[in-house]
Structures are given as structure tokens and as C-alpha cells.
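Below: the structure, in C-alpha cells.
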Amino acid sequence: MEETSTISTKFDADTIRQVFPVLKREVNNKTLVYLDNAATAQKPQSVIDALSDYYSNYNANIHRGIHSLAEEATAAYEATRVTVQKFIGAASSDEIIFTRGTTEGINLVAYTWGRQNINAGDEIIISEMEHHSNIVPWQILCEEKKAILKVIPITDSGELLMDEYQKMLSSRTKLVSIVHVSNSLGTVNPVKEIIDAAHKIGAVVLVDGAQSTVHLDIDVQDMDCDFFAFSGHKVYGPTGIGALYGKREFLESMPVFMGGGEMIKEVTFEKTTFNSLPYKYEAGTPNIADTIALKVALDFVSANGRGFSRQYETDLLNYATEQLETIPGLRVIGKAKDKISLVSFVIDKVHPQDIGVLLDNQGIAVRTGHHCTQPLMKRFGIPGTIRASFAMYNTKEEIDKLVAGLQKAVKMLA
């Protein structure tokens with residue numbers, strides 16, 4: 001197969017691959033080709049070791065105990081909070097709330113800030129490319145409060161119609177909740193422009209960073225978003241852990257999310273006073289092991305240079321797009337000028353699920369379906385797509401295997 005684009009020589013994916021044990025396994029007697037990174041990234045050995053180390057050597061509950069194990073666990077847990085703060089450019093670690101992931105972060109804002117500030121007739125703006133997690137919480141809130149949900153349309157190439165967005169903004173707009181990077185299209189949205197326009201009319205902005213945090217340099221202060229949520233498992237970390245950033249003034253004024261231990265200062269049967277930030281929003285025993293391992297994952301990403309890795313992943317995306325478009329009947333869905341390393345496509349007269357099964361038989365893991373973006377699929381008039389999403393450990397050779405696998409699958413289904 002002729003190479004039509006140059007893969008960056010500044011990033012050594014072959015060396016990176018060696019620290020991801022799952023990439024050495026076989027699936028259906030074929031070496032695994034893992035191209036479902038937008039769903040979840042694989043974990044380096046250092047992250048796996050961090051989980052084992054906690055449970056093997058200093059497993060204890062945090063914040064309350066004065067014995068050595070509790071103090072070690074607390075220190076490791078809080079070190080992650082500082083790492084997250086620096087990783088996304090927050091002003092203070094107090095502005096970092098640990099959650100189970102992006103979905104919980106968005107829901108936390110909806111159920112606290114939203115219930116406190118959204119009233120009848122108010123408007124919330126989202127976009128046509130949102131994940132269900134950034135649609136459903138606002139639908140629930142709008143139904144409860146008799147507010148109005150407005151949707152920014154997109155172009156056929158998968159980019160926001162910014163002129164339409166500007167027209168939607170008014171004194172009734174209270175919140176804009178926008179995905180930074182589309183999980184189905186790979187589109188990178190102009191969040192700074194979106195935030196600036198919203199702030200000019202007094203609206204609050206939440207950014208869904210589930211797909212962007214692993215690929216882009218995030219600086220929430222420069223971005224000037226009011227809230228930013230992401231998931232650890234997309235950033236080579238464990239599942240079940242994520243973080244919500246919120247500007248201090250919002251977090252301090254919002255009501256609590258859940259009641260229980262840790263989020264309190266004092267409890268009597270007559271009255272409870274709540275803890276200070278960030279513990280006000282972290283009720284109960286937290287996900288200690290996965291939180292500790294998240295620090296290791298973020299340190300791994302930082303050590304391998306997000307700038308170099310993004311250039312490498314962009315080169316992979318360009319190569320994959322060029323090669324995929326040589327397959328007769330294949331159509332790429334989402335051709336934004338600014339994309340992360342993800343390509344969604346359909347093939348004429350072939351159901352995506354059938355392609356997914358045949359690729360799996362060849363050891364190639366992709367995602368098929370609507371990717372929790374059913375309204376977006378309706379916009380394009382399709383039931384779903386085949387999605388290949390690339391990480392720093394993927395290679396041009398794996399893309400060649402994907403293309404060959406698709407060609408074989410298409411012939412079988414013809």
C-alpha cells in the first residue's frame with residue numbers, strides 16, 4: 001500500500017507500545033489492533049502497578065485516620081488532585097472535584113447549579129453533536145424547571161454553525177454546555193469563542209472535556225470556562241474516576257450534591273454544616289485506588305509530550321483518512337478542518353455492526369453504532385457509523401491492517 005503522508009519521526013510509538021501489556025495479546029488468533037480509544041484508552045503498566053501497590057501496601061481509608069497507612073493513602077490521594085489542577089491549568093486544587101467521570105460531573109452541575117439558577121423560561125444551549133450525557137441532564141432540568149433547551153446546528157462537514165449560535169444568545173440564556181471534541185466526529189469546537197460570546201450576555205459555560213483532555217493542551221483559566229469535566233479512563237487512567245473543575249465562586253455558592261460522610265463539618269439532629277471545598281462535593285468513601293492511579297496516568301501523558309503525541313496522532317488520522325477513502329462505497333462522516341485522531345465512516349449497503357463483527361474476527365477492535373449520539377446520527381440520516389479512534393500507541397501498520405480488514409469484510413458482505 002502506497003504511503004501518502006509522513007508519520008512524525010519525533011514520537012516513538014513502538015517504544016510506547018511496550019508499556020501497554022494488553023497490546024501483546026491475541027484476539028481470534030490475531031495480534032490485537034486496538035482502535036477504540038475514544039471509548040476507553042488502554043492502560044500502561046505503571047497505572048496497573050499503582051493500583052496493585054495501593055491495595056498491596058497501604059490500603060486504608062483517607063482523611064480521617066491518623067495511623068501511617070491512612071496518612072500515606074491520604075497523601076497519595078490528594079497528590080492526584082494537585083496533578084489534575086496542573087494538568088488542566090486550574091488556579092487551585094480546591095477547584096478540582098473528584099467524580100466517577102464526565103457524566104457525573106455534568107450531572108453534578110445540573111443538579112446543583114442548575115436547580116439553583118435555572119427558572120421557567122430560561123434557556124440552555126447545547127449542540128447537535130452532544131453525547132447523551134450532555135443532553136439528558138439538561139432535558140431533565142428543563143422539564144423540571146419549565147426551561148427551554150436550544151440546539152446549535154452543524155454543517156455537513158460536522159462543524160458548528162457559529163452564526164446560528166450567536167443568534168441564539170440572549171438575556172434568557174443562562175447556560176451553554178458544549179462538547180470540546182465530538183466523540184463521533186472528532187470535531188474540535190472553538191470553545192474559547194463560544195465561551196467569550198456566552199460570557200458577554202452573562203451566561204455560564206460548561207465544557208465537556210471527555211475527548212479533548214487526552215489529545216489537547218487544556219488550560220481552563222485561559223479558556224475561561226466556568227466548569228470543565230473529564231474522565232480518567234480516556235486519559236490512560238482507570239475507569240470510575242474523573243474530575244470536575246469549577247470556578248471557586250460557583251462551587252462555593254452551589255448547594256451540595258450528595259449528603260453523607262466527608263462532605264460535612266458537623267452533624268446534629270437539628271442541623272448539619274457542610275465542609276469546605278473541595279470536600280463539600282465528595283460524600284462517602286471515595287474511589288481511592290483509581291484516584292491514586294489517575295495521577296500516574298496523567299504523569300505518563302505529560303512525560304510523553306502532548307504536543308508531539310498530538311502531531312503523531314494527527315499524522316495517523318490523515319493517513320487513515322486517505323487510505324480509507326480508497327475503499328469503494330466508503331464515506332467519512334465528519335470532515336471538520338480541526339479534528340482529533342478519530343474517523344467515523346459508513347459503507348454503502350453494509351450495516352456497521354456487520355463490519356464490526358468481521359473486523360473483530362481479524363483481531364481489530366473498532367466501535368460501531370450511534371456512539372451515544374443518536375440525535376447526531378439522525379442529523380446525518382444514518383443509524384450509526386464505524387469509528388476508528390487512534391492513540392499514541394497506534395501505528396501506520398495497524399491502519400494498513402484496518403484497511404485490509406475492511407476490504408476483506410466488504411467482499412464477504414457483497
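Under a crude label model (7 Å from the Cα following the beta-carbon direction), how far is Ala60 from Asp400 in nanometres?
5.4
Taking 0.36 nm per residue of sequence separation and subtracting the Cα-Cα distance, how much length would be gained by fully extending the chain between Asp14 and Ser170, in nm to one decimal?
Details: separation 156, 0.36 × 156 = 56.16 nm, distance 5.12 nm.
51.0 nm is the gain from fully extending Asp14 to Ser170.
Rounded to the nearest 0.05, what FRET efficiency is calculated for Thr285 and Thr326 with R0 set to 56 Å and r the Cβ-Cβ distance?
Details: r = 53 Å, r/R0 = 0.95.
So, using R0 = 56 Å, E works out to roughly 0.55.
Given an 8 Å cut-off on Cα distances and at least 6 residues of separation, report the relative contact order of the chain as a percent. Intermediate results must be reported in sequence, preceding the final value.
Values: 801 pairs, mean separation 97.6, N = 414.
With pairs under 8 Å counted, the relative contact order is 24 percent.
Provide Lys335, Lys280 in ascending order of the number of other Cβ atoms located within 10 Å of each residue's Cβ, fewest first. Could the numbers behind the result be given before it?
Working: Lys335 16, Lys280 22.
Lowest count first: Lys335, Lys280.
Could you tell me the distance between the Cα centroids of the range 354-414 and the range 135-180, to the nearest Å?
Comparing the Cα centres of the range 354-414 and the range 135-180, I get a distance of 30 Å.
Evaluate the relative contact order of the range 118-213 (contact order divided by residue number), counting alpha-carbon pairs under 8 angstrom at least 6 apart; express in whole percent.
Details: 163 pairs, mean separation 28.9, N = 96.
For the range 118-213, the relative contact order is 30 percent.
What is the fewest-to-most order of Ile347, Ile106, Ile66 by other Cβ atoms lying within 10 Å of their Cβ?
On the way: Ile347 21, Ile106 26, Ile66 6.
Ascending number of Cβ neighbours within 10 Å: Ile66, Ile347, Ile106.
Work out, in µm²/s and without decimals, the Stokes-Einstein translational diffusion coefficient of the range 133-274 at 25 °C, 0.890 mPa s, Rh from Kirkwood over C-alpha pairs. Intermediate values should be presented prior to the final figure.
Details: Rh = 17.1 Å.
Rounded to a whole number, D works out at 143 µm²/s.
For every helix of n ≥ 4 consecutive DSSP H residues, a contribution of -39,500 (n - 2.57) applies; sum these over the chain, divide by its total residues, and give [θ] at 222 nm rounded to the nearest 500 deg cm²/dmol. If you can, show how the numbers build up before the last one.
Details: 14 runs with 154 residues, N = 414.
One gets -11500 deg cm²/dmol as the mean residue ellipticity at 222 nm.
Figure the gain on full extension for Glu26 and Asp338 (residue separation times 0.36 nm, minus the Cα-Cα span) and round it to one decimal in nm.
On the way: separation 312, 0.36 × 312 = 112.32 nm, distance 3.42 nm.
108.9 nm is the gain from fully extending Glu26 to Asp338.
Amide H of Val205: which non-local residues (sequence gap of 5 or more, or other chain) have their own amide H closer than 5 Å, using H built in the peptide plane?
Val176, Asp226, Phe227
Beyond 31 Å between alpha-carbons counts as too far, so tell me which of Lys234/Lys337; Lys24/Lys411; Lys43/Lys335; Lys295/Lys408; Lys146/Lys337 fall in that bin.
Numbers: Lys234/Lys337 23 Å; Lys24/Lys411 29 Å; Lys43/Lys335 29 Å; Lys295/Lys408 42 Å; Lys146/Lys337 37 Å.
Lys295/Lys408; Lys146/Lys337, as the Cα separations exceed 31 Å there.
From a point 7 Å beyond the Cα of Phe308 in the direction of its Cβ, which residues of the range 19-43 have a backbone N at a distance under 19 Å?
19-20
To the nearest 20 Debye, how big is the dipole of the chain about its Cα centre, given +1 on the beta carbon of each Lys and Arg and -1 on that of each Asp and Glu? Intermediate values should be presented prior to the final figure.
Working: 41 positive and 51 negative charges, 142 e Å.
In total the dipole reaches around 680 debye.
Which ordering of Glu249, Glu398 is given by a fewest-first count of other beta-carbon atoms within 10 Å? Mind dumping the intermediate values first?
Working: Glu249 10, Glu398 23.
Final ranking by Cβ density, sparse to dense: Glu249, Glu398.
Determine ³J(HN,Hα), in whole Hz, for all residues of the range 77-92 in sequence, where each value follows from phi through the Karplus function 6.51 cos²θ - 1.76 cosθ + 1.60 and θ = phi - 60°; x replaces Gly and Pro.
4, 6, 5, 5, 4, 5, 5, 4, 3, 6, 5, 10, x, 6, 6, 8
Using only the Cα atoms of the range 236-275, build the gyration tensor, take square roots of its eigenvalues as a ≥ b ≥ c, and label the shape rounded, prolate or oblate: rounded if a/c is under 1.5, else prolate if a/b is larger than b/c, else oblate.
Working: a/c = 3.74, a/b = 1.63, b/c = 2.29.
Judged from the Cα gyration tensor, the range 236-275 comes out oblate (a/c at least 1.5, b/c at or above a/b).
If R₀ is 25 angstrom, what is the calculated FRET efficiency for the pair Asp53 and Ser92, using the beta carbon separation as r and rounding to 0.05? Don't jump to the answer; show the numbers that get you there.
Working: r = 28 Å, r/R0 = 1.12.
Approximately 0.35, to the nearest 0.05.
Using 0.36 nm times the number of residues separating Phe274 and Asp219, minus their current alpha carbon distance, what extension gain do you get?
On the way: separation 55, 0.36 × 55 = 19.80 nm, distance 2.95 nm.
Result for the pair: 16.8 nm of gain on full extension.
In degrees from 0 to 90, rounded to the nearest 10, what is the angle of the helix 45-57 Cα long axis to the longest principal axis of the chain?
Once rounded, the angle reads 40 degrees.
Of all DSSP beta bridges in the chain, what percent run antiparallel (nearest 5)?
Beta bridges within the chain, antiparallel portion: roughly 60 percent.
Please find the FRET efficiency linking Glu266 to Lys349, where r is the Cβ-Cβ separation and R0 is fixed at 45 Å, and quote it to the nearest 0.05.
On the way: r = 67 Å, r/R0 = 1.48.
Result of the calculation: an efficiency of 0.10.
Classify the range 1-160 from the C-alpha gyration tensor, please: rounded if a/c falls under 1.5, else prolate or oblate depending on whether a/b exceeds b/c.
Values: a/c = 2.39, a/b = 1.16, b/c = 2.07.
Because a/c hits 1.5 or more and a/b fails to exceed b/c, the range 1-160 counts as oblate.
So what are the radius of gyration and Dmax for the Cα set of the chain, in Å?
Rg and Dmax of the chain, Cα atoms, are 22.1, 75 Å.
Could you check the spin-label model distance between Gln407 and Glu143? Points 7 Å from the Cα along Cα→Cβ, value in nm.
5.0
Going toward the positive end of the dipole of the range 49-303, with +1 on Lys and Arg Cβ and -1 on Asp and Glu Cβ, which of Val176, Gly237, Ser92 do you reach last?
The Cα lying farthest towards the positive end belongs to Val176.
Here, each number is a calculation from the coordinates, and none is a lab measurement. Note that the structure is a prediction, hence the values are computed from the model and not measured. Cβ atoms come from the backbone with ideal geometry, glycine included; neighbour counts cover every protein chain shown.
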